[in-house]
Structure formats: C-alpha cells, structure tokens
Amino acid sequence: MTTPVLSNMPFHLAIVMDGNGRWAGKRFLPRIAGHKKGVTVLRRCVKACVARRIGVLTVFAFSSENWNRPDDEVSGLMDLLARAVTSEVAELKQNGVRLYFVGDRLRLSAAMQTAFSNAEASTASNTGLVLNICFNYGGRWDIAQAAQKVAESGQPITELALDRALALAHVPDPDLVIRTGGELRISNFLLWQAAYAELHFTDKLWPEFDDAALDEAIAVFRSRERRFGQTSAQLASIIEKHRPAESVQPTEGV
Ligand code: IPE
Ligand code: IPE
Ligand code: MG
C-alpha cells in the first residue's frame, strides 16, 4: 500500500455562497437582510484568505438564472452590489486585493458597468489576492462566449484556445470549490474550470460561514489525494524522485 500524497494549500478557492435567503427566513427577516449579511461575511472571508495567503478567491454572487427571482429581490441585489462596489474598494486596496468582475455585463445597467470598470481599474496595480466576483455569470454562457471568440478569430477550437478565451483566463483553474447551504449541485458555476477541482459541500448557510468553517474546508482539501488520472503509486514515485538528498549533519565536537 502506498501512503496517499496529500495536497498543499489550495491556490485558487471558489465558493458558491448559498443560503442567504434561508438564513434570513429562520430569523423572520426579509431575504435581502440575508444578502446584506452575506456581504459582511464575504468581507471577512476575503480578509481570512489574505491572511492564509490564498492566491485567488472566486465567488458566485449572482447567476444567469437568478434573474428569475422576484423583481424586488433582483433589484435589491443590484442595489446592494452597486453600494458594496463603491464602499468596499478602499479596504480592498489597502489589503492588496485585485478585483475582477466576471460575467455577462451587457444586461447590467450602464451605471453598474461603469462602477465595475472603475473598481477594477483602481485595484489593477495590486499584487495580493485576486478576487473574482462572478456576477450575471453562468458556466454555459462562459463556454459559449469563449467558443464564439475563438470561432471569430478563425483558429481551430482546441481546449487551449477555449481556455484562453474563457472569462477566468487570468487565473489557473480552481483547486477547491466550496458550496455552502447544503445543496449538492453546481448550479452552472465554473463548468469548464472545475473539471479537476476538489468539491466540498457544507450545510452551513453562507451568512454562518466563518474562519473555522474555512479552515475546515482547507483541512478537508489537504487530506485529499489529487491524482489527475494517475495512480497513487505513480504520485509517490514522482515525489520520491524530487525529494532532496538528506543533508549530512556535522559530528559534534569535531
Ligand atoms: C445565495 O443565497 C445568494 C444568491 C443566489 C444571490 P440564496 O438567496 O440562494 O439563499 P437560499 O438558497 O434561498 O437560502
Ligand atoms: C447559486 O445559488 C447561485 C449563487 C450562489 C449566486 P442558487 O440558490 O441560485 O442555486 P439553485 O437555484 O438552488 O440551484
Ligand atoms: Mg440558494
């Protein structure tokens, strides 16, 4: 039997922040109160990722399917994000965070599109955590728009060409995808990029997702063996080959 080869810290962490509505419902609050709490928890989570030296955090904030919600919830979410974009940028800058908005912007208001571009521009020189906010994002939209771009360029549609045209081409694929809120589904998130991600589902609702829950998810990730199609024995022999030769300790008293 080979010892499993355990993973290091995840470089790219992606989160489906689900459960805001149920969190509010349990407290007899309107759903939007859950989304507000969700923003506070995201702020805290970004700091926790910075402290843990995670390279990239990608969060699912509004899906292409979320337009199907009641009008007041959709407009509440738009207002909340528009306000958060302006109020959070200073702190993100201070923490060295580089912000990207990922998704189809064409359906968003002109004011929102400008707010996104301004926030991206003002954090563009930051070199710390990359924070991708997926807003009006869907994995199927992403694959279709990438295929369209490649087709228009006249190149053959290869995996590499598609990869370079996808909305997350600026970061490597996620190592770990967490979904809060207890549902065991992907809901059109990172369909292409999560091909080899480790998945972690927790019953905790997003507004309850604290540092301890993050550390638990990371610990679960680190206990997994990522084989990428190979066998455990192959992984162990690769590690053995790259192990540095044992250093010779000087003998005491010589
Ligand atoms: C996730 O929480 C946030 C968004 C989809 C915008 P939900 O609003 O889906 O919360 P639940 O799943 O209804 O509890
Ligand atoms: C997924 O949550 C989308 C976001 C967290 C933004 P949903 O609550 O929309 O997912 P479904 O509808 O339960 O699959
Ligand atoms: Mg939900």
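The values are calculated or read from the model by the stated rules, or taken from the named source; none is laboratory data. Computed from a predicted structure; not experimentally measured. So basically every Cβ, Gly included, is an ideal-geometry build from the backbone, and we count neighbours across all protein chains shown.
Annotations
- Residues of the range 174-188 satisfying the condition of being in contact (Cβ under 8 Å) with a residue 40 or more places away in the chain, part of a loop (DSSP other than H, G, I, E, B) and over 18 Å from residue 135 (Cα atoms): 175, 181, 182, 183
- Tally of residues being within 16 Å of ligand 2 (Cβ to nearest atom), surrounded by fewer than 19 Cβ atoms within 10 Å (Cβ to Cβ) and within 28 Å of residue 231 (Cβ to Cβ) across the range 1-26: 0
- Yes/no for residue 33 being away from ligand 1 (no atom under 13 Å from the Cβ) and of a type outside the set (Lys, Arg): no
- Residue within the range 196-206 that is assigned to a loop (DSSP other than H, G, I, E, B), touching a Gly at 6+ places or on another chain (Cβ under 6 Å), without any contact (Cβ under 8 Å) to a residue 60 or more places away in the chain and not aliphatic (A, V, I, L, M) present: yes
- Of all the criteria given as (1) within 15 Å of ligand 1 (Cβ to nearest atom); (2) without any contact (Cβ under 8 Å) to a residue 12 or more places away in the chain; (3) outside any helix (DSSP H, G or I), the one not satisfied by residue 15 is (2).
- Sub-9 Å Cβ pairs linking a first residue in the range 50-76 that is assigned to a helix (DSSP H, G or I) to a second residue that is surrounded by 12 or more Cβ atoms within 10 Å (Cβ to Cβ) and β-branched (Val, Ile, Thr), at least 6 apart or interchain, are 50/97; 66/74; 67/74; 68/74; 72/32; 73/32; 76/32, ordered by first then second residue.
- Any hit, the range 238-254, residues being assigned to a loop (DSSP other than H, G, I, E, B) and modelled with pLDDT of 95 or more: no
- Within the range 27-36, the set of residues being away from ligand 3 (no atom under 12 Å from the Cβ) and either buried (at least 21 other Cβ atoms within 10 Å of the Cβ) or within 13 Å of residue 61 (Cα to Cα) (or both) comprises 36 only.
- Residue within the range 61-77 that is surrounded by 14 or more Cβ atoms within 10 Å (Cβ to Cβ) and touching an Asp or Glu at 6+ places or on another chain (Cβ under 8 Å) present: yes
- Filtered residues of the range 188-225 (kept if within 14 Å of ligand 2 (Cβ to nearest atom) and in contact with a Pro (Cβ under 7 Å, 6 or more places away or on another chain)): 190, 194
- Only one of the listed residues (42, 29) is within 16 Å of ligand 2 (Cβ to nearest atom) and either among the aliphatic types (A, V, I, L, M) or at positive phi (or both). That residue is 42.
- The lone exception for residue 65 - which of (1) in contact with a Leu (Cβ under 8 Å, 6 or more places away or on another chain); (2) at pLDDT 95 or above; (3) of a type outside the set (Gly, Ala, Ser) it fails: (1)
- Matching option when the condition is assigned to a helix (DSSP H, G or I), closer than 27 Å to residue 214 by Cβ and free of Cβ contacts under 8 Å to residues at least 60 places away in the same chain, among 93, 37: 93
- Condition check for residue 86: out of contact with any Lys or Arg (no Cβ under 7 Å at 6 or more places or on another chain) and at pLDDT below 95: yes
- Evaluation of residue 65 against the conditions (1) of a type in the set (Asp, Glu); (2) under 29 Å from residue 24 (Cα atoms); (3) touching a Lys or Arg at 6+ places or on another chain (Cβ under 9 Å) shows that the sole unmet condition is (3).
- Residues satisfying the stated conditions in the range 102-129, i.e. outside any helix (DSSP H, G or I) and either among the β-branched types (Val, Ile, Thr) or touching a Leu at 6+ places or on another chain (Cβ under 9 Å) (or both): 102, 123, 124, 126, 127, 129
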